[in-house]
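Enquirer: Structure below; questions to follow.
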Amino acid sequence: MDKRIRAEARSLQKELTEHSHRYHVLDDPVISDVEYDRMLARLMEIEERFPELSTPDSPTKRVGAPPLDAFEQARHSLPMLSLDNAFNDGDVRAFHARIVKLTGADTVAYTVEPKLDGVAVELVYEYGLLVRAVTRGDGVTGEVITENIRTIRSVPLKLKTALTPPLLEVRGEIIIKKDGFEKLNRVRMEAGEKLFANPRNAAAGSLRQLDSKITAQRPLDIFVYGVGRTDGLELTGQARMLDQLKEFGFPVNPHIRTCPDVSQVIDAYRELDRLRGTLSYEIDGMVIKVDDMGLQQQLGEKIKSPRWAVAYKFPAVRETTVINDIIVQVGRTGTLTPVAILEPVNVGGVTVSRATLHNEDEIRRKDIRIGDTALIIRSGDVIPKVVKIIPESRTGDEKVFIMPDKCPVCGSDIQRIRQDRSHINKCVNVSCQAQLKERISHFVSKKALDIDGMGKKIVIQLVDEGMLRSYADIFVLQEDRIAALDRMAEKSAANLIAAVNASKTVSLRRFIYALGIDHTGENAAKLISDQFTTIEEVMSLTPEKLEQIHGIGPETAFAVCLFFSNPENVEMVQKILDAGVNVINEKPVSDSGTDHPFSGKRFVLTGTLHTMTRSRAKQQLESLGAKVTSAVSAKTDFLLAGEKAGSKLEKARQLGIDILDETQFLTILKREI
Ligand code: D41
């Protein structure tokens, strides 16, 4: 190849990268769009003729890659924590007072940032190159969306620096600006496609595309706000870190300020609230962070959020509308909740047509009647609420709501139970179809067994058809019967069965959470699964033993024991296990020691697995300290061979490597540590 062609390609790559950064990050272009497009077209032509000249950070890589079959999962090397909320100045002063108390500092400087309403992601740069991008997911593991992220023009594919750090994990928020959102929805409307409810949903939907060529068409943007693991960087404070990230070429929000003390933080919040309407993107509050990283370290973190940061939310948005009806919903535990059916109204950019009314007492207290005009608030992602009615709008035709005395779904008796200072109404029939649908939906939800494709609608259909009477029925669903359901394509039936099978290996943490025990959410489930290894062990715990776990209160301890003291529940769990579900423990290597037979071993996975996906198997192995590689070599310790294993199995046999089938693998994986 001609040396001049190579030089031209390199020079175009460099210049286009610089111009793209000036345009998308600095908002300060120095050449015209036409000129940019001409240079890009020339570079594409060269790279097509000489593919060896196309580097991973070439600007031509932003147009999208071949579509994926599914997203891989990846574990964040440091968990992506969430933020506690503050709703008024008092909350912020209390946050500050706790920091002063815990650190003994006289004054604390804070860096404050607009809180963007988008999708949190982590971008991993190795030796300066973008190698991986992962969604926040549940904070521990997320989906690998590297190809989609590459299409975002303001994301650097390569760091702008001569002193490249070996590792930099950058965290930020992917957003769609207001004008881009409106244009996107206009185009969708013209094409007869479903509209996105708000910019955040549009951003999330765009990142969830398996075909990155579609993502490339969406007006996505990013602001970065922090780092995960780094190697080769000296970081001392939040503001200086953001400056460093800006120098590396990342977009950092221009409205970030450092405040010398908490009073200025509160001033900055007022200022940001005033500015809010003029911003080109949506924000829902301000994030306040202790600037000094030494102090941050000293303060540390709770299970899900750091002690050194808080989100000061903007007040909820309000709107008035008419209550057309009040219906009663039956929840997972049988609780009847009255819900207001509203004349649809736009509240802060979202169309609201329902609002919770909590319980009968609340309706009485607020004297809410069918036909009333009411004030509705919506704060962030919380369910809209009816604040009060507008008495001046009464005509006299409003109807008083009467709580039914039988369950509206199964007709069973309703029990009135005192709870705190009010009453709740409960359907006494544990096999009530409405409860069953809610329980199963919870059992298969993202944070529980995570059965993809088993949304609320499908669950309702399956229960109505009599195909689901208990959790265990999920695992014996038959593909042909599902395919025969209304509105169900053959392909989706097959996908659903595959997802059910993949969920058959589940961590103890997710399993406990999935059971939907009172007072036992994600947190409690994690705390319990950190202390115990098997579900059998958890089922036989006493309240005293549970209460010894730091973070588990008497209510949870009692609820868990009560749950397992019911023979029906024990039988229900046994049936799930009999249906082929493997509950395994995924303790991190650090607390489990290195005694597991798989720890430190090199694995290659091949073929189709039936009780989990390969990526889940990989996660499990890595959490035990094993290494998973793609090619079989003399260094490989084990080959995990699923169905239809091909050449890798052959090679492993030739090399005399230990081969495990799925059953053998699971037996060892589940071994107590
Ligand atoms: O703008 C944001 N949405 C934002 C989110 C921000 N400016 N800073 C953040 N800082 C953190 C910590 C302090 C935990 C590093 C965050 C988030 N977290 C966050 N985003 C989503 C979950 C948590």
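The values are calculated or read from the model by the stated rules, or taken from the named source; none is laboratory data. This one's a predicted model, so the numbers in the text were calculated from it and none came from an experiment. Cβ atoms come from the backbone with ideal geometry, glycine included; neighbour counts cover every protein chain shown. SASA here: full protein model, heavy atoms, side chains in, ligands and nucleic acids out. Shrake-Rupley method; radii C 1.70, N 1.55, O 1.52, S 1.80 Å.
Enquirer: In Å, what Kirkwood hydrodynamic radius results for the stretch 528-588 from the alpha-carbon pair distances?
Expert: Computed over the stretch 528-588, the radius equals 12.4 Å.
Enquirer: Next question. With Kirkwood's inverse mean 1/r over C-alpha pairs for Rh, give me the Rg to Rh ratio of the stretch 16-136, two decimals please.
Expert: Dividing the radius of gyration by the Kirkwood radius yields 1.13.
Enquirer: Rank these by accessible area, largest first, 1.4 Å probe: LEU210, LEU496.
Expert: So the residues, ranked largest to smallest area, are LEU210, LEU496.
Enquirer: Taking amide hydrogens as modeled 1.01 Å from N in the peptide plane, which residues meet the under 5 Å criterion relative to ARG354, leaving out close sequence neighbours?
Expert: LEU342
Enquirer: Can you give the three extents of the C-alpha atoms in the stretch 207-269 along their principal axes, from longest to shortest, in whole Å?
Expert: 47, 33, 18
Enquirer: Using a cut-off of 12 Å between beta-carbons, work out the net charge of the residues near ARG369 (Lys and Arg +1, Asp and Glu -1, ARG369 not included).
Expert: Around ARG369, the charge tally is -1.
Enquirer: Can I ask one more? Name the residue farthest towards the positive end of the dipole of the chain from the options GLY237, ILE341, THR320, assuming +1 on Cβ of Lys and Arg, -1 on Cβ of Asp and Glu, about the Cα centre.
Expert: GLY237
Enquirer: Go through SER630, SER280, SER212 and list them by solvent-accessible area, largest first, probe radius 1.4 Å.
Expert: Heavy-atom accessible area, descending, gives SER630, SER280, SER212.
Enquirer: Calculated FRET efficiency, LYS447 and ARG240, Cβ-Cβ r, R0 35 Å, to nearest 0.05?
Expert: My answer for the efficiency is 0.45.
Enquirer: Go ahead and run the numbers for FRET between GLU48 and ASP138, Cβ-Cβ distance against an R0 of 41 Å, rounding to 0.05.
Expert: Given R0 = 41 Å and the Cβ-Cβ separation, E is 0.50.
Enquirer: On the protein heavy atoms, probe 1.4 angstrom, tell me the percent of accessible surface of the stretch 577-668 carried by carbon and sulfur.
Expert: 47 percent
Enquirer: Sum -39500 (n - 2.57) across every DSSP H segment of at least 4 residues in the chain, then divide by the residue count to get the 222 nm mean residue ellipticity, nearest 500.
Expert: When only DSSP H runs of four or more count, the value is -10500 deg cm²/dmol.
Enquirer: Here is a follow-up. With point charges of +1 on the Cβ of Lys and Arg and -1 on the Cβ of Asp and Glu, referenced to the Cα centre of the chain, which listed residue (GLN296, VAL131, GLN435) lies farthest in the positive direction of the dipole?
Expert: About the Cα centre, the residue reaching furthest to the positive side is VAL131.
Enquirer: Here's a follow-up. Can you send over the solvent-accessible area of ILE256, 1.4 Å probe, protein chains only, in Å² to the nearest 10?
Expert: The accessible area of ILE256 comes to roughly 40 Å².
Enquirer: Mind giving me the nanometre distance, one decimal, between the label points for LEU233 and GLU544, set 7 Å out from Cα along Cα→Cβ?
Expert: Roughly 5.1 nm, to one decimal.
Enquirer: Using alpha-carbon positions, what is the distance between the centroids of the stretch 599-673 and the stretch 12-84, in Å?
Expert: What the calculation gives is 36 Å, centre to centre.
Enquirer: So how far, in whole Å, is the C-alpha centre of the stretch 412-487 from the one of the stretch 205-240?
Expert: After rounding, the separation between the Cα centres reads 37 Å.
Enquirer: Here's a follow-up. How many nm separate the modelled label positions at THR55 and ASN566, each set 7 Å beyond the Cα in the direction of the Cβ?
Expert: 6.3 nm
Enquirer: With Cβ to Cβ distances under 11 Å as the rule, what net charge do the other residues near ILE414 carry (K, R +1; D, E -1)?
Expert: Spelling it out: positives minus negatives among the neighbours equals 0.
Enquirer: Keeping all protein chains in place, calculate the accessible area per residue for the stretch 250-381 (probe 1.4 angstrom), answer in Å².
Expert: That works out to 43 Å² per residue.
Enquirer: Right, next: Using unit Cβ charges (K, R positive; D, E negative) and no other charged atoms, how large, in debye to the nearest 20, is the dipole of the stretch 66-203 about its Cα centre?
Expert: 300 debye
Enquirer: For LEU279 and ARG653 in the same chain, what is the full-extension length gain: residue separation times 0.36 nm, less their Cα-Cα distance, in nm?
Expert: Gain on stretching LEU279 to ARG653: 128.4 nm.
Enquirer: Whenever you get a sec, compute what percent of the accessible area on the stretch 341-443 sits on carbon and sulfur atoms (1.4 Å probe).
Expert: 48 percent
Enquirer: Which value in Å does the Kirkwood hydrodynamic radius of the stretch 299-430 take, with 1/r averaged over all unlike C-alpha pairs and then inverted?
Expert: That comes to 16.6 Å for the stretch 299-430.
Enquirer: How big is the antiparallel share of DSSP beta bridges in the chain, given as a percent to the nearest 5?
Expert: Percent antiparallel among DSSP bridges in the chain is about 85.
Enquirer: Going through the cross-link list LYS648/LYS670; LYS302/LYS627; LYS504/LYS651; LYS456/LYS644, which pairs have a Cα-Cα distance over 27 Å in this structure?
Expert: Those over the limit are LYS302/LYS627; LYS504/LYS651; LYS456/LYS644.
Enquirer: Using protein chains only and a probe of 1.4 angstrom, how many square angstrom of ARG602 are accessible, to the nearest 10?
Expert: Here the residue's solvent-accessible area equals roughly 80 Å².
Enquirer: Can you give me the Cα centroid spacing of the stretch 369-402 and the stretch 122-172 in angstrom?
Expert: Cα centroid to Cα centroid, the span is 47 Å.
Enquirer: Within the set of other residues whose C-beta is less than 14 Å from the C-beta of ASP291, count the net charge using Lys and Arg as +1 and Asp and Glu as -1.
Expert: In short, -1.
Enquirer: Here is a follow-up. Return the tail of the calculated pair distribution for the stretch 58-212, meaning the percent of Cα-Cα pairs more than 22 Å apart.
Expert: It works out to 56 percent of all Cα pairs.
Enquirer: Continuing with this model, one more query. Please give the contour-minus-distance gain from ARG208 to ARG93: 0.36 nm per residue of separation, less the Cα-Cα distance, rounded to one decimal in nm.
Expert: 37.5 nm
Enquirer: If you don't mind, there's one more thing I want to ask. Beyond 29 Å between alpha-carbons counts as too far, so tell me which of LYS246/LYS526; LYS289/LYS618; LYS177/LYS289; LYS183/LYS491 fall in that bin.
Expert: From LYS246/LYS526; LYS289/LYS618; LYS177/LYS289; LYS183/LYS491, over 29 Å: LYS246/LYS526; LYS289/LYS618; LYS183/LYS491.
Enquirer: Counting C-alpha atoms alone, how compact is the stretch 633-673: give Rg to one decimal and Dmax as a whole number, in angstrom.
Expert: 11.1, 33
Enquirer: If you don't mind, another one. What shape does the stretch 464-562 take by its C-alpha gyration tensor, where a ≥ b ≥ c are the square roots of the eigenvalues and a/c under 1.5 counts as rounded, a/b above b/c as prolate, and the rest as oblate?
Expert: It comes out prolate by the Cα gyration axes.
Enquirer: Mind checking the dipole of the stretch 224-342: about its Cα centre, +1 per Lys or Arg Cβ, -1 per Asp or Glu Cβ, Debye to the nearest 20?
Expert: Value, rounded to 20: 320 debye.
Enquirer: Separate question: How long are the semi-axes of the ellipsoid equivalent to the chain, from square roots of 5 times the Cα gyration tensor eigenvalues, in whole Å, largest first?
Expert: 42, 36, 27
Enquirer: Please report, as a whole percent, how much of the solvent-accessible surface of the stretch 479-544 comes from carbon and sulfur atoms (probe radius 1.4 Å).
Expert: Ligands and nucleic acids excluded, carbon and sulfur reach 45 percent.
Enquirer: Which order do peptides 328-339, 455-466 fall in by mean Cβ count within 10 Å, highest first?
Expert: Ranked from most to least packed, the peptides come out as 328-339, 455-466.
Enquirer: For a Förster distance of 60 Å, can you work out the FRET efficiency between the beta-carbons of ILE417 and ALA41, rounded to the nearest 0.05?
Expert: Taking R0 as 60 Å, the efficiency between ILE417 and ALA41 is 0.30.
Enquirer: Ok, one more. Hey, for a label at LEU299 modelled as a point 7 Å past Cα toward Cβ, could you say which residues of the stretch 207-248 have their backbone N under 13 Å away?
Expert: The answer is 238-239, whose backbone nitrogens lie closer than 13 Å to the label point.
Enquirer: Further question on the same structure: Fully extended, how many nm does the chain gain between ARG602 and LYS388 (0.36 nm per residue separation, minus their Cα-Cα distance)?
Expert: 70.8 nm
Enquirer: Using a basic spin-label model with each label point 7 Å from the Cα along Cα→Cβ, how many nm lie between ASP486 and THR333?
Expert: According to this spin-label approximation, the distance is 3.4 nm.
Enquirer: Still on this structure: Of GLY331, ALA204, MET80, which is farthest along the charge dipole of the chain in the positive direction, counting Lys and Arg as +1 and Asp and Glu as -1 at C-beta?
Expert: Positive-most Cα among the choices belongs to ALA204.
Enquirer: So for the stretch 141-293, what percent of the C-alpha to C-alpha distances run longer than 28 Å?
Expert: 30 percent
Enquirer: What order do LYS177, LYS101 take when sorted by accessible area (1.4 Å probe), most exposed first?
Expert: LYS101, LYS177
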